[in-house]
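Here is the structure we will look at.
The values are calculated or read from the model by the stated rules, or taken from the named source; none is laboratory data. Everything numeric here is computed off the predicted structure, so don't read it as measured data. Quick reminder, even Gly has a Cβ in these numbers, built from the backbone with ideal geometry, and neighbours come from all protein chains shown.
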Amino acid sequence: MTTIQPIGAELHALARRLYPIPRSITGDGVRATLAMLAEWVPLRVVEVPSGTPVLDWTVPREWRLRAARLIAPDGRVVADAAVHNLHLLNYSAPFHGRLSLAELEPHLHSLPDRPDWIPYRTSYYRETWGFCLPHRVRESLPEGEYEVLVDSELFDGALTYGELALPGEREEEILFSTHVCHPSLANDNLSGIVVLAALARELAGRERRRLSYRFLFVPGTIGAIAWLAANEAATARIRGGLVAAGLGDAGRFHYKRSRRGDAPIDRAVPAALAALGEEPVVEEFVPFGYDERQYNSPGFALDVGSLTRTPWGRYPEYHTSADDLDFIRPEALERSLAAYRAVVDLLEGNETYRNLCPKGEPMLGRRGLYRSTGGDEAGRERELALLWVLNLSDGGHDLLAIAERAKLPFARVREAADRLLEAGLLAPAGDPDLDRPPTGR
Ligand code: ZN
């Protein structure tokens, strides 16, 4: 018997299972992560061989870690990757030797301002090794000879990513992407991983999808670049998307716009969150951050925004051992999933129609659509929504544009369109570039 858990607890439980896995941009950590996600969704796992040219980059060597320890002169273990993944500089090259404290110093990383936290550091594109320590521990290190053991391997293997394509009635596709390369950091980015996995599971289970969806679970930067390099033709179908990260902290939602700034996704996210009673902080695109950088590069220009809670780098726990399982909250994860679901639902409902009776107003009373709901506020809003949808359904305005112009909730406008469709007064506009608004004889 399995018990049905509240979704927030279920998301947090998955994050807890993913937390100890020693991830990096390549290697078994990513594979183990994707294997766990495959319990929820039928992910396709793609392996791109080391050395493969991908856009202007090259797929790096695979990293394998067996053990990493820093041992003090008295034999005490100062740092051990088996105790905390962050203790080892991620992607450290192999090294075994004895060093004086002075020789060791350039290889140590700590945070003087947060003396009890272990920093997260990587060295992906410069071959070296290192250890990350609480500053308090680092300051207490005695002089003497240290033993360094980094039993790792960098070899020609592969970069691994996960992909899930969910076809819909239309070819137009929405992209959801998240990075899967960070070890033992909960908000950045187990939160993004579990929220997208849950969203993908829900969408995979839906009977009807109007749009198509693609989910990418990729190592940061190089994973997104590898996917783009291999799927350039497929990107033509992408109409927008979101990069998911930082979705488990208690902070307010933040939406970073696509490079274009007024793409459908940029209009959809604030409207969808408003329907949930959330008002996200909306920020303009900048060419740094997560993988929206790659998707919005000018050669692709995929209209991908990023929906997070507190943005990266703006909370002290960011990239430290304090970004742990207590830092992310089940209720925040659950609410983040609701926000992503609301965006999907809005995009699903955001169709463009043509008024089939465009000359003068159609007689709504005859069709039971007018003054049928009484004079209360909701009734008035329903009536206004009908009139706005009729007036702006010329093939050139989608329902979201109508909601914005009418200053009405999207759901109200969607409901009006459904009633008008039922009354035979609207028809799908089809491709706005091919279909002109109906003209008179
Ligand atoms: Zn990060």
With the condition kept exactly as written, say whether any residue in region 307-314 is of a type in the set (S, T, N, Q) and farther than 18 Å from Ala244 by Cβ. no
Pull out all pairs, ordered by first then second residue, where Cβ-Cβ is under 6 Å, the residues are six or more apart or on different chains, the first lies in region 70-91 and is touching a residue at least 12 places away in the same chain (Cβ under 8 Å) and on the phi < 0 side of the Ramachandran plot, and the second is part of a strand (DSSP E or B) and among the basic types (Lys, Arg). Asp80/Arg69
Out of everything in region 149-180 that is outside any strand (DSSP E or B) and touching a residue at least 60 places away in the same chain (Cβ under 8 Å), what residue ends up being nearest to the ligand (Cβ to nearest atom)? Val180
Residue that is farthest from the ligand (Cβ to nearest atom) [pool: residues in region 204-223 that are hydroxyl-bearing (Ser, Thr, Tyr) and within 14 Å of Ala165 (Cα to Cα)]: Ser212
Return yes when Asp376 is in contact with a Ser or Thr (Cβ under 8 Å, 6 or more places away or on another chain) and of a type in the set (Asp, Glu) and no when it is not. no
Tally, over region 267-310, of residues that are of a type in the set (Val, Ile, Thr), touching a residue at least 60 places away in the same chain (Cβ under 8 Å) and away from the ligand (no atom under 16 Å from the Cβ): 2
Got at least one residue in region 348-363 being closer than 30 Å to Arg208 by Cβ, within 19 Å of the chain's Cα centre (by Cα) and touching a residue at least 60 places away in the same chain (Cβ under 8 Å)? yes
Can Leu185 be described as away from the ligand (no atom under 16 Å from the Cβ) and not acidic (Asp, Glu)? no
Name the single residue that is surrounded by the fewest Cβ atoms within 10 Å (Cβ to Cβ) among those in region 131-148 being part of a strand (DSSP E or B) and not hydroxyl-bearing (Ser, Thr, Tyr). Glu145
Are any residues in region 357-406 under 18 Å from Ala271 (Cβ atoms) and either of a type in the set (Val, Ile, Thr) or at pLDDT below 90 (or both), and if so, which ones? Val389, Ile402
